[in-house]
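Novice: Take this structure first; my questions come after.
Just so you know, all these numbers are worked out from the coordinates, no wet-lab data involved. If you're wondering where the values come from, they're calculated on a predicted model, not measured in any experiment. Cβ atoms come from the backbone with ideal geometry, glycine included; neighbour counts cover every protein chain shown.
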Amino acid sequence: MARCLGLALLLLLGSASSAGWNSCVAAAEACTANARCQRLRTEYVAQCLGRASSGGCPRARCRRALRRFFNRGPPALTLALLFCPCGDPACAERRRQTFVPACAFSGPDPAPPSCLAPLEACEHSQLCRSRLRAFQASCAPTPVAPDGCPREQAPGCRHAYAGLVGTTVTPNYVDNASARVAPWCDCGASGNRREECEAFRGLFTRNPCLDRAIQAFESRWPPSLQDRHQDPEHSLLQLLTCN
Ligand SMILES: *[C@@H]1O[C@H](CO)[C@@H](O)[C@H](O)[C@H]1NC(C)=O
């Protein structure tokens, strides 16, 4: 508990001096302060930085550990690591690197495959297929909403997006200059199935409801620091969910 309070104060000081304030560093610190989050994160980092007997990285084990991180970790902390809002490249670069993209996201070839390949692999896995369906359903634009995206949809959409991290269609931020996301693939070599390929990739790259759900997390950030003037210790400890 003492360590938790110390960290809460650190976070409070950090947020007070906004210059150099990095929400992704704060999210990592909050995860470190929580035993369960820290254990699950250490696990995926160890797996994803490991070497496979073939010389490459153990991608399947890395992805499994990432799925476990989101399945079992405290959502307030795991989602903060995934969606920490960034206003500068250093923060966004850290956010892009959070889930060890060299192993979890890209490869094994140096060039991205056609999106039809990870899509087909996903359709053949019951776990991936059901998570992809959930993502499609939860982040889909709806004509009846005034702007095409029901407001109450955002939390479910973020949750479903997180469910894809660690599958064959693992998405990530594409650069450190934006909050744009995509799986590691393109549609250049998809031949006469280009339309199908683009439709799948577009779920990530041309989906206003997903963009909005990610941005909406920003306006709620940091979840409990916002009311720090009322009861800093209590709200910070809620954020950290110390145990
Ligand atoms: C942002 O990305 C570019 C291109 O990959 C890279 O050269 C640059 O070092 C990155 N910036 C930071 C702060 O990591």
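Novice: Report the one residue of Leu82, Leu66, Gln97 whose Cα lies farthest in the direction of the positive end of the charge dipole of the range 59-98 (charges on C-beta: Lys and Arg +1, Asp and Glu -1; origin at the Cα centre).
Specialist: It is Leu66, whose Cα lies furthest towards the positive end.
Novice: While we're here: Take peptides 156-167, 45-56, 64-75 and line them up by average Cβ neighbours within 10 Å, highest first, as a rough protection proxy. Mind showing how you got there, number by number?
Specialist: Working: 156-167: 21.6, 45-56: 12.8, 64-75: 18.8.
Highest-to-lowest ranking by the protection proxy: 156-167, 64-75, 45-56.
Novice: Rounded to the nearest 0.05, what FRET efficiency do Ala35 and Gln97 give with R0 = 35 Å and r taken as the Cβ-Cβ distance? Could you check?
Specialist: Working from the Cβ atoms, E equals 0.90.
Novice: Using the Karplus equation 6.51 cos²θ - 1.76 cosθ + 1.60 (θ = phi - 60°), what ³J(HN,Hα) coupling, rounded to whole Hz, does each residue of the range 164-177 give in order, writing x for Gly and Pro?
Specialist: 7, 5, x, 9, 5, 10, 3, x, 8, 5, 7, 7, 10, 10
Novice: At R0 = 30 Å, how high is the FRET efficiency between Ala189 and Arg133 if r is their beta carbon distance? Nearest 0.05 is fine.
Specialist: 0.70
Novice: Next question. Tell me, what HN-Hα J-couplings in whole Hz come from the Karplus equation 6.51 cos²θ - 1.76 cosθ + 1.60 at θ = phi - 60° for each residue of the range 200-205, using x for Gly and Pro?
Specialist: Values, residue by residue: 5, 4, x, 4, 9, 8 Hz.
Novice: Would you please give the FRET efficiency between Ala90 and Ser219, computed as 1/(1 + (r/R0)^6) with r the Cβ-Cβ distance and R0 = 30 Å, to the nearest 0.05?
Specialist: It comes to 0.90.
Novice: Let me ask something else. Length gain on complete extension for the stretch Ala52 to Asp109, per 0.36 nm per residue less the alpha carbon to alpha carbon distance?
Specialist: Contour length minus Cα-Cα distance gives 19.0 nm.
Novice: Here's something else I'd like to know. May I ask for the net charge around Ser190, where only other residues with Cβ less than 13 Å from the Cβ of Ser190 are counted and Lys, Arg are +1 while Asp, Glu are -1?
Specialist: Around Ser190, the surrounding residues sum to -2.
Novice: Using amide H atoms built 1.01 Å from N in the peptide plane, name the residues 5+ places from Asn172, or on other chains, whose amide H lies under 5 Å from its own.
Specialist: Amide H neighbours of Asn172, under 5 Å, 5+ apart: Ala182.
Novice: Sorted by packing (mean other beta-carbon atoms within 10 Å per residue), highest first, where do 77-88, 125-136 land?
Specialist: Top to bottom by mean Cβ count within 10 Å: 77-88, 125-136.
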